[in-house]
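> After the C-alpha cells below, expect a handful of questions from me.
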Ligand SMILES: [Zn+2]
C-alpha cells in the first residue's frame with residue numbers, strides 16, 4: 001500500500017485516553033501540534049478528526065476515517081515527542 005501524507009511538520013504530540021465526542025466510546029485521541037494550524041486530534045476508534053477544536057469535515061469517501069486512523073498512527077510512530085523548536089514556535093503562535 002502506498003500512503004501519501006501531506007502535512008506541514010508537526011512539532012509536538014500528545015495521546016489522551018477519554019470518551020470520544022464522536023463515537024461516545026472510551027478511546028485514545030492522538031493529538032499533534034502544527035505551527036499556524038494549532039492542534040489536531042484523531043479518535044483512533046472511529047477516525048473522527050478535529051482541527052483546532054473544530055470537527056473536521058468528513059468527505060463522503062469510503063475509507064476516509066480508516067485513512068485518518070492510519071495516518072494518525074503513522075504520524076505518532078515517526079514523530080519525536082516534541083521537536084527542539086516546539087516551545088519557541090508555539091510561544092510565537094499564541
Ligand atoms: Zn471516536
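> Counting only residues that are surrounded by 11 or more Cβ atoms within 10 Å (Cβ to Cβ) and more than 10 Å from the ligand (Cβ to nearest atom), how many does region 55-65 have?
Qualifying residue count for the region: 4.
> Could you list, in sequence order, the residues of region 27-45 that are surrounded by fewer than 18 Cβ atoms within 10 Å (Cβ to Cβ), in a strand (DSSP E or B) and in contact with a helix residue (DSSP H, G or I) (Cβ under 9 Å, 6 or more places away or on another chain)?
Matches in region 27-45: 38 only.
> Just one of (1) touching a helix residue (DSSP H, G or I) at 6+ places or on another chain (Cβ under 9 Å); (2) modelled with pLDDT under 85; (3) within 14 Å of the ligand (Cβ to nearest atom) trips up residue 3, so point out which.
It is condition (3) that residue 3 fails.
> Please specify each residue of region 29-54 satisfying the condition of being within 11 Å of the ligand (Cβ to nearest atom) and either over 23 Å from residue 78 (Cβ atoms) or over 11 Å from the mean Cα position of the chain (by Cα) (or both).
Residues satisfying the conditions are 45, 46.
The values are calculated or read from the model by the stated rules, or taken from the named source; none is laboratory data. Just so you know, these numbers come straight off a predicted model, no measurement behind them. Backbone-built Cβ (ideal geometry, glycine too); neighbour counts: all protein chains shown.
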